[in-house]
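Down below is the structure, laid out as structure tokens.
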Amino acid sequence: MIYVEQVGEVTKFRMARTFMGRGLYFTAAYFVDGLLIDTGCAHTVSEFMNTLGSRYVRFIVNTHSHEDHIGANKAVQTKFGAQILAHSEAVPILADPSTKRLRPYQIVMWGYPQSSTATVIGEELETEHHKFRVIHTPGHSPDHITLYEPDRGWIFSGDTYVGGKDKALRADYNIWQIIESLRNLASVDSTLLFPGSGTTRDNPREELLKKVHYLEETGRKIKELHSRGWSRHRIRRKLFGPEMSIAYYTLGNFSGKNLVRSYIEDSSK
Ligand SMILES: [Zn+2]
């Protein structure tokens, strides 16, 4: 299932695998001025190609190499001869996505993408009418980048910014790097935030700082309880309550336990 919406000059595609008439987990792609930012998952490729129609794609930028952002790379590249650009650490993964073993829930929701040929993105990307700056925003993944268009104040942040108050984290995310990346994005002049979830925000700095504040405050509480000798399990129960359902269907890959662990073990570099 795909929803298309025009946000000023930017076309937003929100897409998800359909199950019993409902979208399982939505992820967004954005199109502006011949540039496609992310391409959805493997399950939505043909529907996405139909929806994209005759919009000419000159460049694809993948914010990161996760399977729900690179699914239609190959199809779009084949149809338009588009140049794919991504972070240096993402390029080999795009060339062979099977090197990243997917867990059962990832296969159900998103599936394995086809391989595609990308080149390493520079510090800037120029389309016909816009100039985008590339900002490295690790934490969600080491190969995560954000595109920033200073004239318009657009921030295409991929999965760096996820709305809401996190009570779980994936095992391979780094919470301190996420906080640092969000802080970096909050420091630029901006008017619109285009996140990977598709829920655009017209007050980016406020939203980003609100998120930073929540995550830092949570980190402060965790470190304090940890220094008092509390176990990670007890800290998690006290601050987040019982594990959410996501911890069960991801077999513990996304969990409150991982969120507590990342605050205690991971560093910001
Ligand atoms: Zn991701």
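What follows draws every value from the coordinates through simple rules; no lab data is involved. Being a predicted model, the structure only gives us computed values, none of them experimental. Cβ atoms come from the backbone with ideal geometry, glycine included; neighbour counts cover every protein chain shown.
If N is the number of residues in the range 188-266, what value comes out of its Cα radius of gyration divided by 2.2 N^0.38 Å? Intermediate results must be reported in sequence, preceding the final value.
Values: Rg = 15.4 Å, N = 79, 2.2 N^0.38 = 11.6 Å.
That works out to 1.33 for the range 188-266.
Counting only helical runs of four or more DSSP H residues, what would the 222 nm mean residue ellipticity of the chain come to if each run contributes -39,500 (n - 2.57) and the total is spread over all its residues? Don't jump to the answer; show the numbers that get you there.
Values: 9 runs with 87 residues, N = 269.
Mean residue ellipticity at 222 nm (helix-derived): -9500 deg cm²/dmol.
Evaluate the charge dipole of the range 1-156 about its Cα centre and quote only its size in Debye, nearest 20, assuming +1 on the Cβ of each Lys and Arg and -1 on the Cβ of each Asp and Glu. Each step should come with its number before you reach the end.
Numbers: 14 positive and 16 negative charges, 119 e Å.
Value, rounded to 20: 580 debye.
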Suppose every K and R has +1 on its Cβ and every D and E has -1 on its Cβ; what is the size of the dipole of the range 1-55 about the Cα centre, in Debye to the nearest 20?
240
What fraction of the Cα pairs in the range 91-212, stated in percent, has a spacing above 26 angstrom?
26
Express the relative contact order of the range 19-69 as a whole percentage, based on alpha carbon pairs under 8 Å and six or more residues apart in sequence.
42
Starting from 0 in steps of 10 Å, tell me what percent of the Cα-Cα pairs of the range 64-118 lands in each bin.
27, 55, 18, 1
Take the Cα radius of gyration of the range 131-269 and divide it by 2.2 N^0.38 Å, with N its residue count; two decimals is plenty.
1.08
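Let me know the charge dipole size of the chain about its Cα centre in debye, to the nearest 20, where only the beta-carbon of Lys, Arg (+1) and Asp, Glu (-1) is charged. Provide the component values of the computation, followed by the final result.
On the way: 34 positive and 30 negative charges, 289 e Å.
Roughly 1380 debye, rounded to the nearest 20.
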Using a 10 Å cut-off around each Cβ, can you sort Thr99, Thr160, Thr146 from fewest to most neighbouring Cβ atoms?
Thr99, Thr146, Thr160
For the chain, the longest principal axis of the Cα atoms and the Cα long axis of helix 175-186 enclose an angle in degrees, to the nearest 10, of 50
Measuring from the longest principal axis of the C-alpha atoms of the chain, the long axis of helix 256-265 (C-alpha) lies at a number of degrees, nearest 10, equal to 80
The range 1-48 - convex hull of the alpha-carbon atoms, volume per residue in Å³
65
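Quick check on the chain: of the DSSP beta bridges with both residues there, what percent are antiparallel, nearest 5%? Let's see the in-between values first.
Working: 29 of 42 bridges.
So the antiparallel bridges amount to about 70 percent of the total.
Around Asp68, what is the net charge, scoring Lys/Arg as +1 and Asp/Glu as -1 over all other residues with Cβ under 11 Å from its Cβ?
Working: positive: Arg17; negative: Asp38, Glu67, Asp159.
Residues near Asp68 contribute -2 overall.
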Considering only DSSP states other than H, G, I, E and B, which GluC sites (Glu not before Pro) in the range 81-133 qualify as loop sites with at most 12 other Cβ atoms within 10 Å?
Glu123, Glu128
Quick one: Kirkwood hydrodynamic radius for the range 1-95, alpha-carbon pairs, angstrom, one decimal?
13.2
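Using the structure shown, select from Lys12/Lys167; Lys100/Lys167; Lys79/Lys100; Lys210/Lys257; Lys79/Lys211; Lys211/Lys238 the pairs with a Cα to Cα distance greater than 32 angstrom.
Working: Lys12/Lys167 28 Å; Lys100/Lys167 25 Å; Lys79/Lys100 26 Å; Lys210/Lys257 23 Å; Lys79/Lys211 39 Å; Lys211/Lys238 20 Å.
Lys79/Lys211, as the Cα separations exceed 32 Å there.
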Per q in 0.11 Å⁻¹, report the Debye log10 I(q)/I(0) for the chain, using one uniform scatterer on each alpha carbon and no solvent.
-0.60
Can you give me the orientation-averaged projected area of the convex hull built on the Cα atoms of the range 134-199, in nm²?
4.3
